[in-house]
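**Q** What follows is a structure written as structure tokens; I'll ask about it next.
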Amino acid sequence: MPATLLKVKQLKKYFPIKRGLMSKAASQVHAVDGVSFDILPGETLGLVGESGCGKSTTGRLILRLLEPTSGEIFFQGNEIFSLSKKKLRSMRRNMQIIFQDPYASLNPRMQVEEIIGEGMLIHGLVKNRTERRECVLELLERVGLKKEHLNRYPHEFSGGQRQRIGIARALAVKPQFIVADEPISALDVSIQAQVLNLLMDLQQEFGLTYLFIAHDLSVVEHISDRVAVMHLGQIVELANSDDLYKQPLHPYTQCLLSAIPVPDPDNQPQRIILKGEIPSPANPPSGCRFHTRCPYKMDICAEIEPEFKAVEAKHFVACHLMD
């Protein structure tokens, strides 16, 4: 087995909720609460779940765009939260992000050449601006844009073109690992497949490793080698993509998969309708955090938090039904 590229261990991030004149912390939002997983070189790990479950926060913690409440993250064997600013800057060349919103993630005052080439100059990957321009032109062509786009501003492009610029910017410093934070959710359906195929082609060409964050399970199935299902700050199921889609074991995963439309309505699986409201991450329920909506809940579910453990080969679940 290849060595682990990224290891996340018991990662937690709590955001304080401040109230009153003195802005004292009245409570905390448990955005990420004890997340652990590994990513191997060259693979894509899909991270899925409802909005607000902590997917994007996890991605930002991995890149140290946010500081954790507790936990550890090892990248190439180095614990990133203990790195100095100098070492962190050097390491960040190997870890990049593609943001969800192609409209907000590009500087409107910078031309495309500056946006894509800025990282090359910062990390000393090019000797001068002439060499930078040549490298930027190669990247533009690789992501499906043209030479004449070089001196244009972001507002002159469509959403799909802007996301391609964002992808080129991430590739510019030759990273090994990319966090793709819902990179196609803000795009038209007709453009989503093009960008998704581009990401897969670039992975093969450059040997990239992805953490692919999304809420669309049909998209994740298409691109991911393994899938982690996240609910209310915790991972409840982790398995190979084929295994998870063919035989989901956690009730929450079963519910999510039942909502995916299929081309033939006659073969649409029975839809699982959840009752009750989604619990607040500021006040998560005791025991299993899904028990308030779970159709199979037992008494133990409200009392004891289930252990996240392997129930089959490379198939991990946190559910008392598996005991």
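The values are calculated or read from the model by the stated rules, or taken from the named source; none is laboratory data. Source: prediction; values computed, not measured. Methodologically, a virtual Cβ is constructed for each residue, glycine included, from the backbone with ideal geometry; neighbour enumeration extends over all protein chains shown.
**Q** Just to be sure before I move on: is Lys9 modelled with pLDDT of 95 or more, under 22 Å from Ala228 (Cα atoms), charged (D, E, K, R) and surrounded by fewer than 16 Cβ atoms within 10 Å (Cβ to Cβ) in the structure I sent?
**A** For Lys9, the condition - modelled with pLDDT of 95 or more, under 22 Å from Ala228 (Cα atoms), charged (D, E, K, R) and surrounded by fewer than 16 Cβ atoms within 10 Å (Cβ to Cβ) - is met.
**Q** Given the conditions (1) surrounded by 12 or more Cβ atoms within 10 Å (Cβ to Cβ); (2) among the charged types (D, E, K, R); (3) not in a loop (DSSP other than H, G, I, E, B), and given that Glu50 satisfies all but one, which numbered condition is not satisfied?
**A** Of everything listed in (1) surrounded by 12 or more Cβ atoms within 10 Å (Cβ to Cβ); (2) among the charged types (D, E, K, R); (3) not in a loop (DSSP other than H, G, I, E, B), Glu50 misses just condition (3).
Residue-by-condition table, conditions (1) modelled with pLDDT of 95 or more; (2) exposed (fewer than 15 other Cβ atoms within 10 Å of the Cβ); (3) β-branched (Val, Ile, Thr); (4) closer than 30 Å to Lys18 by Cα:
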| position | (1), (2), (3), (4) |
| --- | --- |
| Asn240 | yes, no, no, no |
| Pro263 | no, yes, no, no |
| Asp266 | no, yes, no, no |
| Arg271 | no, yes, no, no |
| Arg293 | no, no, no, yes |
| Lys297 | no, no, no, no |
| Glu312 | no, yes, no, no |
| Ala318 | yes, no, no, no |
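**Q** Sticking with this structure for a sec: Among the residues of the stretch 1-57 satisfying the criterion of being touching a residue at least 40 places away in the same chain (Cβ under 8 Å) and of a type in the set (D, E, K, R), which is nearest to Gly77 (Cα to Cα)?
**A** Within the stretch 1-57, the match that is nearest to Gly77 (Cα to Cα) is Lys7.
**Q** Considering only residues that are under 27 Å from Arg133 (Cβ atoms), at pLDDT below 95 and in a loop (DSSP other than H, G, I, E, B), which ones fall in the stretch 176-206?
**A** The one that is under 27 Å from Arg133 (Cβ atoms), at pLDDT below 95 and in a loop (DSSP other than H, G, I, E, B): Pro183.
**Q** Within the stretch 61-92, take every residue that is surrounded by 15 or more Cβ atoms within 10 Å (Cβ to Cβ) and at positive phi and give me the one that is nearest to the chain's Cα centre (by Cα).
**A** Arg64
**Q** Tally the residues that are within 23 Å of Gly52 (Cβ to Cβ) and surrounded by fewer than 17 Cβ atoms within 10 Å (Cβ to Cβ), restricting the search to the stretch 216-238.
**A** 2
**Q** Which of (1) closer than 28 Å to Ile260 by Cα; (2) touching a strand residue (DSSP E or B) at 6+ places or on another chain (Cβ under 7 Å); (3) not in a loop (DSSP other than H, G, I, E, B) does Gly42 not meet, given it meets every other one?
**A** All conditions are met except number (3).
**Q** On to the next question. Give the residue, chosen from Ala26, Ala31, that is touching a Gly at 6+ places or on another chain (Cβ under 8 Å) and over 17 Å from Asp181 (Cβ atoms).
**A** So the residue among Ala26, Ala31 that is touching a Gly at 6+ places or on another chain (Cβ under 8 Å) and over 17 Å from Asp181 (Cβ atoms) is Ala26.
**Q** How many residues does the stretch 187-208 hold that are farther than 18 Å from Phe99 by Cβ and either crowded, with 20+ Cβ neighbours inside 10 Å or among the β-branched types (Val, Ile, Thr) (or both)?
**A** Counting residues in the stretch 187-208 that are farther than 18 Å from Phe99 by Cβ and either crowded, with 20+ Cβ neighbours inside 10 Å or among the β-branched types (Val, Ile, Thr) (or both) gives 1.
**Q** Ok, one more. Looking only at residues that are over 24 Å from the mean Cα position of the chain (by Cα) and of a type in the set (Val, Ile, Thr) in the stretch 130-170, which one is farthest from Asp188 (Cα to Cα)?
**A** Top of the filtered list is Thr130.
**Q** Specify the residue that is farthest from Leu40 (Cα to Cα); the eligible residues are those in the stretch 298-323 that are touching a residue at least 40 places away in the same chain (Cβ under 8 Å) and in contact with a Lys or Arg (Cβ under 9 Å, 6 or more places away or on another chain).
**A** Out of the qualifying residues, it is Met322.
**Q** Same structure, new question: Quick one: which residue in Pro248, Pro295, Pro284 is in contact (Cβ under 8 Å) with a residue 40 or more places away in the chain, assigned to a loop (DSSP other than H, G, I, E, B) and within 21 Å of Val35 (Cβ to Cβ)?
**A** Pro284
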